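Written out below as structure tokens is the structure these notes cover.
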Amino acid sequence: MIDLSAARLAAAAGGELAAGDPERAGPERAVIDSRAVQPGDLFVGLPGAAADGGAYAAAALEAGAWGAVVGREHRDHALEAVEGTVGHSACSGAAVIAVEEPLHALHALARAWRHELGAKVVGVTGSTGKTSTKDILAALLRTRLVTHASRENWNTEIGLPLTILEAPRGTEALVLEMAMRGEGQIAELVAVAEPDVGVIVNVGPVHLELLGTVERVAAAKAELIRDLRPGAACVVPASEPLLEAHLREQELDTWTFGLGGQVRLLAYDDGRAEIEARDEIVHLQLPYSEPHNLLNTLAAVGAARALGVLVGGRVEVRFSSLRGEVVELPGGVTVVNDCYNANPMSMRAALDHLAASDAERRIAVLGTMAELGPESDRYHREIGAQAAALGIDVLVPVAEEALPYMEGFDGETHPVASPEEAGALLAELARPGDRVLIKGSRSVGLERVLG
């Protein structure tokens, strides 16, 4: 519950409380979809490309919303719903907060609630692995602190403030994923979250269609470092040349992880990891073994220790959906469903893990890696060549954009036109003991391979 009075919420949003009791207790949560409104919710009517959410404020109020934040152009219509000239008694007593810019108001509300909570805040970004790192860090912190983390990929200028606003009072740590599609977006998220620790998992060739070069990707990610308050901490990969120019080692407590870093893996055997973190030894029991997630674990340990939180023991982590989920199909076929997103870094890591897995045959069902710009075909050919070098047995490119994988692959291939066709092919092709990787950018919809 956002237990601030209506008057305080209006003030925090920088708006006018046009209706409602100023002393009324606050809403349960904030929502932006009028169809998802439940009694007690605060509806925020955001303008969008296809529709203006403010136009749906009356419907949200009629559904029992605690109140609505709307642009001033929608103020009168929302008031009509509350006053009864439109709508029903469900609107009685509801708050209407009129603001100039609803998105700015949402950000301001989240920032005010973040201050009210007084929680430790970690912001996590990276070209790949940020969601898994967020999940691992949240699992580490939950053994010591009341922790709230981004759900799935609530990592945008909308998802991040909604995550903060759903954190209950008593939350001691917030773990917030931060997505980046272009310059200035990480800075916008940092301004809302005001992290105590910023984590950059890695930097690689993503969003090149917008940014053009990996150096510009690094600069956009490094907005997290640039905008941390003096005295905060940052956690970065060791010896990453793309980030070196952006470090603020005189002002920030800088932790490095990975080979040659301050947080490094000393030993790993059957789930037992021994980690050194600035001369301290940390022992963890992990439910995963993928090399990329072991590296993500080092970043998470660095972030926890930067907060001053001691970690150790069994890590009970539940990864967000479509990220390395292992599915056992009838007939003895194992599928690794890692189809939430893909870029050259994450694709290489997934293929490495597939190649190292015990299986009769290893089958890669690959969709395109989106937003790679004019060098896209080259990146796809390189991934195909890596699959060949690793000894992947069968390659199944999905849709025309994925065909360049075949140019670098010299093994058995079965190009298909759609995820559904890939699913039908697997039903015929896969045999007992096979292991199948399903991976591609979100736009491909490869979750449909498994129906």
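Before moving on, here are some points about what is shown:
- Any hit, the range 343-351, residues being under 26 Å from E209 (Cα atoms), over 26 Å from the mean Cα position of the chain (by Cα), among the charged types (D, E, K, R) and outside the structural domain of G204 (by TED's automatic domain parsing): no
- The lone exception for D21 - which of (1) loosely packed, with under 15 Cβ neighbours inside 10 Å; (2) farther than 11 Å from A95 by Cβ it fails: (2)
- Qualifying positions in the range 159-199 - at pLDDT 95 or above, assigned to a loop (DSSP other than H, G, I, E, B) and among the hydrophobic types (A, V, I, L, M, F, W, C): A167, M178
- Residue match in the range 273-281 (condition: surrounded by fewer than 17 Cβ atoms within 10 Å (Cβ to Cβ), among the β-branched types (V, I, T) and more than 27 Å from W154 (Cα to Cα)): yes
Results for (1) surrounded by 24 or more Cβ atoms within 10 Å (Cβ to Cβ); (2) among the hydroxyl-bearing types (S, T, Y), shown as yes or no for each residue.
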site: R114; (1), (2): no, no
site: G123; (1), (2): yes, no
site: G129; (1), (2): no, no
site: T133; (1), (2): yes, yes
site: R151; (1), (2): no, no
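- Selection from the range 211-225 of residues that are farther than 25 Å from L165 by Cα and in contact with a helix residue (DSSP H, G or I) (Cβ under 8 Å, 6 or more places away or on another chain): L211, G212, V214, E215, V217, A218, A220, A222
- Within the range 151-176, tally of residues that are closer than 21 Å to F43 by Cβ and among the hydroxyl-bearing types (S, T, Y): 2
- Residues of the range 388-414 that are under 22 Å from E375 (Cβ atoms), of a type in the set (G, A, S) and over 27 Å from the mean Cα position of the chain (by Cα): A388, A389, G408.
- Scope the range 303-339; condition over 19 Å from the mean Cα position of the chain (by Cα), in a helix (DSSP H, G or I) and not basic (K, R); matching residues: A306
- Qualifying residue in the range 115-130 (condition: at pLDDT 95 or above and among the hydroxyl-bearing types (S, T, Y)): yes
- Summed over the range 1-46, the residues that are touching an Asp or Glu at 6+ places or on another chain (Cβ under 8 Å) and farther than 19 Å from H74 by Cα give a count of 12.
- Residues located in the range 128-151, provided they are in a loop (DSSP other than H, G, I, E, B) and either basic (K, R) or touching a helix residue (DSSP H, G or I) at 6+ places or on another chain (Cβ under 6 Å) (or both): T128, G129, R144, S150, R151
- The range 44-69 - residue that is in contact with a strand residue (DSSP E or B) (Cβ under 7 Å, 6 or more places away or on another chain) and within 14 Å of G20 (Cα to Cα) and, of those, surrounded by the most Cβ atoms within 10 Å (Cβ to Cβ): A68
- Of the helices (runs of 4 or more DSSP H) lying entirely inside the range 208-259, the ones with 1 or more residues being in contact (Cβ under 8 Å) with a residue 24 or more places away in the chain and of a type in the set (K, R) are found at 214-221, 223-226.
- Condition check for G258 on (1) small (G, A, S); (2) out of contact with any strand residue (DSSP E or B) (no Cβ under 7 Å at 6 or more places or on another chain); (3) at positive phi: one failure, at (2).
For every residue, the table says whether it meets (1) closer than 23 Å to I158 by Cβ; (2) exposed (fewer than 14 other Cβ atoms within 10 Å of the Cβ).
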| site | (1), (2) |
| --- | --- |
| M180 | yes, no |
| A191 | yes, yes |
| N202 | no, no |
| A219 | no, no |
| I225 | no, no |
| R229 | no, yes |
| R264 | no, no |
| A267 | no, yes |
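- Residues being under 27 Å from the mean Cα position of the chain (by Cα) and buried (at least 20 other Cβ atoms within 10 Å of the Cβ) - total across the range 354-368: 6
- Scan of the range 387-402 for residues that are touching a Gly at 6+ places or on another chain (Cβ under 9 Å) and crowded, with 19+ Cβ neighbours inside 10 Å, ordered by number: A387, I392, V394, L395, P397, V398, A399, E401, A402
- Condition check for E290: surrounded by 14 or more Cβ atoms within 10 Å (Cβ to Cβ), touching a helix residue (DSSP H, G or I) at 6+ places or on another chain (Cβ under 9 Å) and charged (D, E, K, R): yes
- Screening the range 316-336 for residues that are more than 19 Å from N296 (Cα to Cα) and touching a strand residue (DSSP E or B) at 6+ places or on another chain (Cβ under 9 Å) and picking the one that is surrounded by the fewest Cβ atoms within 10 Å (Cβ to Cβ) gives E328.
The values are calculated or read from the model by the stated rules, or taken from the named source; none is laboratory data. Given the structure is predicted, the values throughout are model-derived calculations rather than measurements. Every residue, glycine among them, receives a Cβ derived from its backbone with ideal geometry; neighbour counts consider all protein chains shown.
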